[in-house]
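Since the structure comes first, as structure tokens, the remarks are kept for the end.
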Amino acid sequence: MKEELFQQKIDKEQKIEPKDWMPQDYRKHLIRQISQHAHSEIIGMQPEGNWITRAPSLRAKMILLAKVQDEAGHGLYLYSACETLGISRQELVQQLHDGKAKYSSIFNYPTLSWADMGAVGWLVDGAAIVNQVSLQRTSYGPYARGMVKICKEESFHQRQGYEIMAEMAKGTKEQKEMAQDALNRFWWPSIMMFGPQDSNSPRTGNAMKWKIKRQTNDELRQSFIDKTVGQAEIIGLTIPDSELKWNEKTGHYDFGEMDWDEFWNVVNGNGPCNHQRLVHHQKAHTEGEWVREAAKAYAKKQELVTQ
Ligand code: BYC
């Protein structure tokens, strides 16, 4: 009975709030997805943080700093949304360190040149926006509201990346080559951010029934490709997919097959930077212990002052 009422609420597009009754599996599914999303934001700071000290101008440095800081903020909203489901931040971080919780495969690729900052902003944030615009209508209230704020900031991120790519593409021959090389390396990993094909996605069934996901992996992937091809053409870069072709009949681009072995390899912890990313997070977490202790001591002191 409770289950039926819950599903009716979902079907009527009513949001589920933290104190509402929900099936255990719905709660578990959300903790898994939201925590993966939060960890992605935080781990995602590493490949870009790598370029802050080497940004080519003060303007570029300020913009990149602001963007990386935004990612930290997104991680914090998402951890908070996840905590409303009855799990602590400490447990979530522990799951990441133990390898029990995943984060997006895309952040396990290295950022080798300044053009990669362009490719990450344009493609990775572009893909994140397509996914997150859809998630603004997710059924869990705190997650949906977090997505609204995050999407506004992601639009700025996507534009800063596209601007870098556009500038480099119309620069010297070497700069254009760097931009093309970054697109070549980041195109397929960005497409992989949308997850396995629907026919091979064990979580999609429940996610769609419970309206946690509003569109499937393949639908979102197609929508990202349709949007991005024209953007590459405008700045004179070539998408590295020989099978990419406009299909009059479907009104979408056809595209080539992804390297699924590479995808699962990276998802399962064996990508080029998986080890490095986790070790760095563990180190930063340990070294940040004194900051958390100081914040707690300060909060306690404030409590005493206001008593
Ligand atoms: N990477 O049944 P499936 C950002 C896992 S943007 C790693 O389709 P689901 C940012 C999946 O977790 C990136 N793992 O699952 C942008 C599942 O494993 P478990 C973050 C992946 O959940 C710019 C298994 O494969 N965005 O943060 O229905 C700068 C089977 O997959 C991936 C989000 O997290 C992958 N690419 O669909 C800085 C958005 N794909 O958990 C930061 C929210 C699949 O069963 N998440 N897996 O062991 C989602 O929309 C969905 O969770 C996914 C996967 C589309 C990612």
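Data overview
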item	result
Greater than 25 Å apart at Cα, pairs in LYS2/LYS211; LYS67/LYS149; LYS149/LYS296; LYS100/LYS152; LYS173/LYS245; LYS149/LYS227	LYS149/LYS296; LYS100/LYS152; LYS173/LYS245
Accessible area (Å², 1.4 Å probe, nearest 10) - THR250	80
Accessible surface of LYS2 - all protein chains present, 1.4 Å probe, nearest 10 Å²	120
Loop trypsin sites (Lys or Arg not before Pro), segment 70-114, which have at most 15 other Cβ atoms in a 10 Å radius of their Cβ (DSSP)	LYS100
Probe 1.4 Å, all protein chains present, accessible-area order of SER104, SER88, SER190, largest first	SER88, SER104, SER190
Equivalent-ellipsoid semi-axes of the chain, from the Cα gyration tensor, Å, largest first	33, 27, 17
Relative contact order computed over the chain (Cα-Cα under 8 Å; 6+ residues apart), in percent	18
Distance from segment 195-220 to segment 80-123 (C-alpha centre basis), Å	20
Value of Rg to Rh for segment 5-92 (Rh from inverse mean 1/r over Cα pairs, i.e. Kirkwood)	1.17
Amide N of segment 109-128 lying under 19 Å from the label point, which is placed 7 angstrom from the Cα of ALA66 along Cα→Cβ	117-123, 125-126
Contact order relative to length of segment 161-274, as percent, for alpha carbon pairs under 8 angstrom and 6 or more apart	22
Restricting segment 196-299 to trypsin sites (Lys or Arg not before Pro) in coil, as DSSP defines it, with at most 11 other Cβ within 10 Å	LYS249
Between segment 235-307 and segment 1-41, the Cα center-to-center distance that results, in Å	23
Overall Cα dimensions of segment 112-269 - principal axes, largest extent first, Å	51, 38, 33
Ellipticity estimate at 222 nm from DSSP helix runs (n ≥ 4, -39,500 (n - 2.57)) divided over the chain, nearest 500	-21000 deg cm²/dmol
Qualifying lysines (Cα of each under 29 Å from Cα of LYS300; at least 8 residues distant if same chain)	LYS19, LYS283
Surface/4 of the Cα convex hull for segment 60-163, nm²	7.1
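The values are calculated or read from the model by the stated rules, or taken from the named source; none is laboratory data. Note that the coordinates shown come from a computational prediction; the quantities given were computed from them, not determined experimentally. When we count neighbours, we look across all protein chains shown, and the Cβ atoms used for this are built from the backbone with ideal geometry, even at glycine. Calculation scope for accessible area: heavy atoms of the full protein, side chains included, ligands and nucleic acids excluded. Shrake-Rupley method; radii C 1.70, N 1.55, O 1.52, S 1.80 Å.
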